[in-house]
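Written out below as structure tokens is the structure these notes cover.
The values are calculated or read from the model by the stated rules, or taken from the named source; none is laboratory data. Remember, predicted model here, so these are calculated numbers, not experimental data. With ideal geometry, Cβ positions are generated from the backbone for all residues, glycine too; neighbour counts draw on all protein chains shown. Heads up: the accessible areas ignore ligands, DNA and RNA and are worked out on the full protein's heavy atoms, side chains in. Shrake-Rupley method; radii C 1.70, N 1.55, O 1.52, S 1.80 Å.
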Amino acid sequence: MRVKKRMTKLLSLAACLAMLFALAGCSGDASGSGDSSSAAQTGDAKYNYTGGFDYSQNITADGRWEGVTALDYVTLPEDYAAIPLPEDVTTVSDEDLQAQLDSVLANYATTVEVTDRAVADGDTVNIDYVGSVDGVEFDGGSTGGAGTTVTIGVTSYIDDFLEQLIGHTPGETFNVEVTFPDPYENNPDLAGKDAVFVTTINSIQESQLPEYNDAFVAENFAENGGYTTTAELEQAIKDSIVQNNTYSYVITYLDENAVVSQVPDTMKEYQAYVMLDYYNTYAAYFGMELNDFISQMLQAESQDALVEAQADSIEAAAKEALILQAVAEAQNITVDTAAAQEMLGENYDSYVSNYGEPYVMMGTLSNTVIDQLMSTAH
């Protein structure tokens, strides 16, 4: 099951890469006025992407980069076939284990309503209110008795509305007095006016974790994982942490120790279009054209400017793909359709349909290379 999850990550290269871009953001070099007469829109640009990227372009049927012999560009470290692992990669601390257990238990938390104590800062509370200005109720100023859930210090309300809930108890009704900001875009007629909200606290809502014991593990993980005791679940979590640590370390080790003389331009171009295709899809989600999305949301003046700003990230992604192919060449690692089907299982057909078989084969090859390196790391 873990192999298939990692395979999915490799085959979802576009999303992973785009997340890297999104976290990095656009550098100052790419920022601009957002003028609609940018190069990307006048047709003068190198990049004028409008959709329809073929993820299998420039990839051969056996999952390698077309026309690229990676070992012509890459000198692998001498110990790449038996990468030495530091102790902190293979050892799981009690703190790391507990953090993962807490995350697991949080997924099974339930919400309980508390009514026997006063509201404190940071509490999540369910409230009803009716707002008025000069004694006259106004549109949008009432919950209508339906209740609304807010978290003090997190949910954004006008003035110090939520802070005034502190110290009151569920079942209590009281006045909350606030002043609307000026200007107030949501309702300009209320800008700067004093308001009174007759507020009732219905309940304090607390998250309650399940009791962690063998019975909990058996109930929730016997079918999905085969774990029936806390010891079995904890060992599985430790194994997963070590596997993830090893995966990250192997990739980083290769990146830092392999000598790459040059990354082929075709591979960098490919990754640039992966990025643009991701943002094109994201723009469509907001009902926007790509160029407008780039200008308004990413603050880049053109597709060219965006690609230039993300040149380092684009090259890093291409470099990683080049190094993995170099390992495949050095160790004569090959894959076939059967290997891809085994790794993807029931997802195979959908991935081929969405990305093309060459792309799927490339993901299978990369996954096989990484599995091999992880199995021989020590």
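A quick yes/no check of all residues on (1) in contact (Cβ under 8 Å) with a residue 24 or more places away in the chain; (2) under 19 Å from the mean Cα position of the chain (by Cα):
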{"position": "Lys238", "(1), (2)": "yes, no"}
{"position": "Asn244", "(1), (2)": "no, yes"}
{"position": "Tyr249", "(1), (2)": "yes, no"}
{"position": "Tyr253", "(1), (2)": "yes, no"}
{"position": "Ala258", "(1), (2)": "yes, no"}
{"position": "Tyr270", "(1), (2)": "yes, no"}
{"position": "Asn280", "(1), (2)": "yes, yes"}
Any residue in the stretch 308-329 that is among the β-branched types (Val, Ile, Thr) sitting within a Cβ distance under 6 Å of a residue that is in a helix (DSSP H, G or I) and at pLDDT 95 or above? List the pairs, counting only those 6 or more apart or interchain. Ile314/Lys268; Ile314/Gln271; Ile314/Ala272; Ile323/Leu254; Val327/Val369
Six or more apart or on different chains, Cβ atoms under 7 Å: show the pairs whose first residue is in the stretch 197-222 and in a helix (DSSP H, G or I) and whose second is of a type in the set (A, V, I, L, M). Val217/Leu233; Phe221/Leu233
In the stretch 166-183, the residues that are surrounded by 15 or more Cβ atoms within 10 Å (Cβ to Cβ) and more than 27 Å from Asp123 (Cβ to Cβ): none
Tell me whether the stretch 40-48 contains one or more residues that are modelled with pLDDT under 50 and closer than 17 Å to Tyr279 by Cβ. yes
Test of understanding: among Thr69, Thr124, which residue is open to solvent by less than 60 Å² (accessible area, probe 1.4 Å) and touching an Asp or Glu at 6+ places or on another chain (Cβ under 8 Å)? Thr124
For Val352, work out the one condition from (1) in contact (Cβ under 8 Å) with a residue 12 or more places away in the chain; (2) buried (at least 18 other Cβ atoms within 10 Å of the Cβ) it doesn't fulfil. (1)
Could you list, in sequence order, the residues of the stretch 324-378 that are in a helix (DSSP H, G or I), acidic (Asp, Glu) and farther than 26 Å from Asp239 by Cα? Glu329, Asp349, Glu357
Return the total of residues in the stretch 156-188 being assigned to a loop (DSSP other than H, G, I, E, B), farther than 21 Å from Arg117 by Cα and not small (Gly, Ala, Ser). 12
